[in-house]
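Visitor: After the structure tokens below, expect a handful of questions from me.
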Amino acid sequence: MSEMDNKVQAYKNEISELESTLPDVVQAYHVFTGACFSDGALDAKTKQLIALGIGLFANNEVCTLYHVNEARHKGAADAEIMEAVAVAAALGGGHALSQGVTRVQQALNGTYLT
């Protein structure tokens with residue numbers, strides 16, 4: 001088993017452990033995420049690619065690894081996965097830039113409104 005598989009499996013094991021303490025919460029979470037990730041207006045593969053980008057932006061290692069695997073299982077090619085990575089990078093850079101040209105400049109000018 002790869003290191004990536006080990007980390008994802010460790011997460012799944014811990015979810016199972018949590019389920020022994022809070023079964024209703026874990027079951028509700030699984031129902032909710034199952035509904036969110038099923039085919040709808042967006043297909044399941046696209047949803048996994050979106051989740052991958054969010055996982056990267058949130059700097060969540062397990063989420064990132066999990067959604068790479070899930071995207072592949074839903075038929076995503078490596079090029080599609082890497083394109084999702086590029087979009088996440090653009091979003092992250094855009095986030096920092098947008099804050100720089102708004103909040104930071106306003107703070108420097110003394111015009112930042114809380």
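Only the coordinates and a few stated rules stand behind these numbers; no lab work does. Quantities reported herein were computed from a predicted structural model and do not represent experimental measurements. All Cβ positions, even for glycine, are placed from backbone atoms using ideal geometry, and neighbour counts span all protein chains on display.
Visitor: Could you work out the per residue convex hull volume over the alpha carbons of the range 3-109, in cubic angstrom? The partial results should precede the final answer.
Guide: Values: hull volume 15.4 nm³, N = 107.
Each residue corresponds to 144 Å³ of Cα convex hull volume.
Visitor: Considering only the other residues whose Cβ falls under 13 Å of the Cβ of C63, what net charge follows from Lys and Arg at +1 and Asp and Glu at -1? Intermediate results must be reported in sequence, preceding the final value.
Guide: Values: positive: K7, K12; negative: E61, E70.
Counting the neighbours of C63, the net charge comes to 0.
Visitor: Can you sort R103, R72 from fewest to most other Cβ atoms within 10 Å of each residue's own Cβ?
Guide: On the way: R103 12, R72 15.
Fewest-to-most ranking of R103, R72: R103, R72.
Visitor: Helix-derived [θ] at 222 nm for the chain: sum -39500 (n - 2.57) over DSSP H runs of at least 4, divide by residue count, nearest 500? Walk me through the numbers before you get to the answer.
Guide: Details: 6 runs with 88 residues, N = 114.
Value at 222 nm, helices only, nearest 500: -25000 deg cm²/dmol.
Visitor: Here is a further query. Compute the helix-to-body angle for 44-57: its Cα long axis versus the longest principal axis of the chain, expressed 0 to 90° and rounded to tens.
Guide: It is inclined by approximately 50 degrees.
Visitor: In degrees from 0 to 90, rounded to the nearest 10, what is the angle of the helix 61-73 Cα long axis to the longest principal axis of the chain?
Guide: With rounding to tens, the tilt is 60 degrees.
Visitor: Ranking F37, F32 by Cβ neighbours within 10 Å, fewest first, what do you get? Numbers along the way, then the final one.
Guide: Working: F37 17, F32 10.
Going from least to most buried by this count: F32, F37.
Visitor: Please report the relative contact order for the range 3-109, taking Cα pairs under 8 Å with a sequence separation of at least 6, and give it as a percent rounded to a whole number.
Guide: Details: 61 pairs, mean separation 24.3, N = 107.
Relative contact order here is 23 percent.
Visitor: Under a crude label model (7 Å from the Cα following the beta-carbon direction), how far is L108 from L91 in nanometres?
Guide: Using points 7 Å along Cα→Cβ, the separation is 2.8 nm.
Visitor: To make sure I understand the rule: partners must be lysines, Cα under 17 Å from the Cα of K47, and not fewer than 8 residues away in the same chain. Which ones qualify?
Guide: Of all the lysines, those that pass the test against K47 - Cα under 17 Å, at least 8 places apart if same chain - are K74.
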